1. Provide Rg and Dmax in Å for the chain, with only Cα atoms included in the calculation.
2. Please give the length that would be gained between ASN242 and SER167 if that part of the chain were fully extended, namely 0.36 nm times their separation in residues minus their C-alpha to C-alpha distance (nm, one decimal).
3. What is the distance, in nm, between label points placed 7 Å from the Cα along the Cα-to-Cβ direction at ASP197 and at VAL137?
4. In vacuo Debye scattering of the stretch 130-175, one point per C-alpha: log10 I(q)/I(0) at q = 0.14, 0.21, 0.32 Å⁻¹?
5. Along the stretch 56-72, what does the Karplus equation 6.51 cos²θ - 1.76 cosθ + 1.60 (θ = phi - 60°) give for ³J(HN,Hα), rounded to whole Hz, x for Gly and Pro?
6. Divide, for the stretch 91-175, the radius of gyration over alpha carbons by 2.2 N^0.38 Å, where N is the residue count.
7. Could I get the Rg over Rh figure for the stretch 109-264? Both from C-alpha atoms, Rh via Kirkwood, rounded to two places.
8. Modelled label-to-label distance, ALA206 and LEU5, 7 Å Cα→beta-carbon offset: nm?
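Nothing in this text is a laboratory measurement; each read-out follows from the coordinates by a stated rule. Remember, it's a predicted structure, so these values are computed and weren't measured experimentally. Cβ atoms come from the backbone with ideal geometry, glycine included; neighbour counts cover every protein chain shown.
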Amino acid sequence: MSTSLLRARTGDVELAYEVLGDGPPLLLVQGLGYGRRGWGPALELLGEDFFVVAYDNRGFGESDVPPGPYTARQLAGDAVAILDAVGVERTHVVGASLGGMIAQEVALDWPDRVDRLVLACTTPGGPRSHPMPQQTVALMLEAPALPPDVAMRRFVENALGSTAPQSLVDEIVAYRTANPPDPAGWQAQAAAGAGHDAIDRLGSLAAPTLVLYGEEDTVVDARNAELLAERIPEAHVERFENGGHLFFWEQPARFANLVREFLR
């Protein structure tokens, strides 16, 4: 599917986005260090059934990098600005990792804009959620002493499940190498994730919600999926066996099918 880069503006910040496909609108919100093409094959699969809007969060890719720190609600406001630019009043929303935190804020603060919500590999945040697994914390401490290419590969391997083939590692490393994060933007986005805490507000989330997680996620503790499901009214949970944090790269067909079935 051919697409072209488009731009939306919110205040002094320009945001890069693209659209593809036809059907009900679907906004895709990615996480820390990933952009509008950071969904792997799942992007094109979803474009077969939906009018997909995918974008780069502020601080990454071809969007502007204003000074941080950012907040999840601020990034949610950017998502709404994208919808305004596209002319979409109400949409399904899929958010992954930090994007899932942003999606929570969109659904909570702009409920009239969200039809159905899919939260992937994410957390409600705050001190009562499960913290980042020690394996990833240790890698983050070790990474500055590693050659950059070695650190990059280690982070990609860490974000995948134990059965992921090396060909997939190579594919994601190639994506990450072609789309390097801006250091200041990365830190500003990371602050948004660290400051997110929606756990006491999730009971008022009105959108029907699907929570997805990989059982081998070592980036966001998989137990956070249950915390989300316990607090969001009538939320449904699906797990990805052998899936890591990037299970939508590892099992794109199942991911797209679950999203498709839920949104229908």
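1. Considering the chain through its Cα atoms, Rg and Dmax are 16.8, 48 Å.
2. 25.3 nm
3. 1.8
4. With no solvent term, the Cα-only Debye profile gives -0.35, -0.74, -1.14.
5. Working through the residues one at a time gives 8, 4, 3, x, 9, x, 9, 8, 5, 10, x, x, x, x, 9, 10, 4 Hz.
6. For the stretch 91-175, the normalised Cα radius of gyration comes out at 1.36.
7. Result: Rg/Rh = 0.98.
8. A separation of 3.8 nm, rounded to one decimal place.
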